[in-house]
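Engineer: Would you mind keeping the following structure in view while I ask a few things?
The values are calculated or read from the model by the stated rules, or taken from the named source; none is laboratory data. Note that the coordinates shown come from a computational prediction; the quantities given were computed from them, not determined experimentally. Here Cβ is always computed from backbone atoms with ideal geometry, including for glycine, and neighbour counts include all displayed protein chains.
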Amino acid sequence: MAYIISQVLVCIADLFYVISMFAKKKLNLVVFLFISDVLFASHYLLLKGGLTGATTIFVDCAFLIIMYLLEKFNKTKYNLIVTLITMAIIITLSILTWQGAISLLPMFAMLCYLTTMIFTNVAISKTGAFMRNLLNIVYMFLIASYFGAGLEIALMISAVIGIILDVKRNKNKNVDTTPTLDSTNTSTQTDNVIDDQTSQQN
């Protein structure tokens, strides 16, 4: 019964994760990742060997709350300090909940992901989520969450799509900005020529 519940929880967690990967703002990304993390952690707790995964994700929940507040109140200069403290906690918890070499996977997954959360750029944060997915796939297979592992592959694909969309969005912004600047300069130059001609006639 616990296994069935865990698989239901991971399905719902995956849904919120996919939504987060299509977020345009980091603030929205953090909110949906938080909801997803709570469900993921609950799913891990119901599986044998999932203790390290659950504890590291609960730490990430606290981390995401802090990141949300920093982002909302424009205090992102503290991102690095908060991230380093969280990394230290993750490593400590991994040692305390050590269940063999398997415990290294969720730890490294979280460290990769946390490193990219330092940046305010959404695409970079999603890249960290992609790396986290990759390691989580292996971890889920090892703790016998096969259905969860299959869904994790889908999450990894959604992360890739989200990254591509962000890159294209940023390129379009640059393209849209350039003509505006050029047209402004052209207009200014034209006005200057007209002014010169008028002054010469006078």
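Engineer: Evaluate the following for Tyr146: is it loosely packed, with under 14 Cβ neighbours inside 10 Å and either within 22 Å of Ala13 (Cα to Cα) or touching a strand residue (DSSP E or B) at 6+ places or on another chain (Cβ under 9 Å) (or both)? Spell out the reasoning first.
Structural biologist: Numbers: loosely packed, with under 14 Cβ neighbours inside 10 Å: yes; either within 22 Å of Ala13 (Cα to Cα) or touching a strand residue (DSSP E or B) at 6+ places or on another chain (Cβ under 9 Å) (or both): yes.
So Tyr146 passes the test.
Engineer: Could you list, ordered by first residue, the pairs with Cβ atoms under 8 Å in which the first is in region 83-112 and closer than 19 Å to Leu142 by Cβ and the second is at pLDDT below 85 and aromatic (Phe, Trp, Tyr), at least 6 apart or interchain?
Structural biologist: Final answer for the pair search is Ile102/Tyr139; Leu105/Tyr139; Pro106/Tyr139; Ala109/Tyr139.
Engineer: Of everything in region 140-160 that's hydroxyl-bearing (Ser, Thr, Tyr) and more than 19 Å from the chain's Cα centre (by Cα), which residue is farthest from Leu47 (Cα to Cα)? Explain how you work it out, then say what you get.
Structural biologist: Our first condition is that a residue be hydroxyl-bearing (Ser, Thr, Tyr); within region 140-160, this holds for 145-146, 158.
Now drop any that are not more than 19 Å from the chain's Cα centre (by Cα), which leaves 145-146.
Details: Ser145: 8, Tyr146: 11 Å.
Among those that are hydroxyl-bearing (Ser, Thr, Tyr) and more than 19 Å from the chain's Cα centre (by Cα), it is Tyr146.
Engineer: Among the residues of region 98-117, how many are hydrophobic (A, V, I, L, M, F, W, C) and out of contact with any Ser or Thr (no Cβ under 6 Å at 6 or more places or on another chain)? So that I can check it myself, show each step before the final result.
Structural biologist: Going residue by residue through region 98-117, those that are hydrophobic (A, V, I, L, M, F, W, C) are 98, 101-102, 104-105, 107-112, 114, 117.
From what's left, out of contact with any Ser or Thr (no Cβ under 6 Å at 6 or more places or on another chain): 98, 101-102, 104-105, 108-109, 111-112.
Residues flagged as hydrophobic (A, V, I, L, M, F, W, C) and out of contact with any Ser or Thr (no Cβ under 6 Å at 6 or more places or on another chain) within region 98-117 amount to 9.
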